[in-house]
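Here is the structure we will look at.
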Amino acid sequence: MSFKMGEAEANVITQALEEAKKLIDGSNPVLALEMICQDWMEEKGTVPERTSMEDHISYLERVYGVKVTYKAVSPAQKKKEKAAAKKIEAEAAKRAAEKVLKGEGEGDKGGAGKGKGKAADIEDLLDGDDTGGDDEAADINDLMGLDG
């Protein structure tokens, strides 16, 4: 495809492509344009028709002279992989929160952190439940320096 346009239109389109490339962590303007168009179509209530996996593979094999194979993943396997990833994330968050709580409680016999009152139970913090301590219990996002 090629388009003829004036400088004003080219500036708007170039800026949009640059922003889209940042969102996809890439440098390919074609993928950026596709993302912009797909978002626009979905906003209008239309689901864009995508090229099939087989067509993509055929194209890659022709262009790059390689043999590409892929393995289909069942929905059950995808669900299992997502659950495993969430478990790993939760364990990492718990370890990070424990480090923060240990750091705040140093030198304080009661284990309370820097004027926060009794520290909430780590599980309560991860669940967003402040009932593990008093009303001034530290929020996990506050402890980790995260917003919101």
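Residue 44 label point, 7 Å along Cα→Cβ, cut-off 17 Å on backbone N: hits in the stretch 7-37?
Residues passing the 17 Å test: 33-37.
Among 58, 74, rank each residue by its count of other Cβ atoms within 10 Å, from fewest to most, as a rough exposure measure.
Least crowded to most crowded, the residues run 74, 58.
Where in the stretch 35-50 does the amide nitrogen come within less than 12 Å of the point 7 Å from the Cα of residue 23, taken along Cα to Cβ?
Residues 35-43 fall inside that zone.
What FRET efficiency do you get for residue 31 and residue 69 if R0 is 25 Å and r is their Cβ-Cβ distance, rounded to the nearest 0.05?
Here the calculated transfer efficiency is 0.60.
Take the alpha carbon atoms of the stretch 77-100, find their center, do the same for the stretch 1-31, and report the distance between the two centers in whole angstrom.
Using only Cα atoms, the two centres lie 37 Å from each other.
Which lysines have a Cα less than 21 Å from the Cα of residue 102, not counting those fewer than 8 places away in the same chain?
94, 114, 116, 118
With charges set only on the Cβ (+1 for Lys and Arg, -1 for Asp and Glu), what does the dipole of the stretch 1-103 come to about its Cα centre, in debye to the nearest 20?
960 debye
Rule-based calculations on the coordinates, nothing more; no lab input. Note that the structure is predicted; figures quoted are calculated from it, not measured. Backbone-built Cβ (ideal geometry, glycine too); neighbour counts: all protein chains shown.
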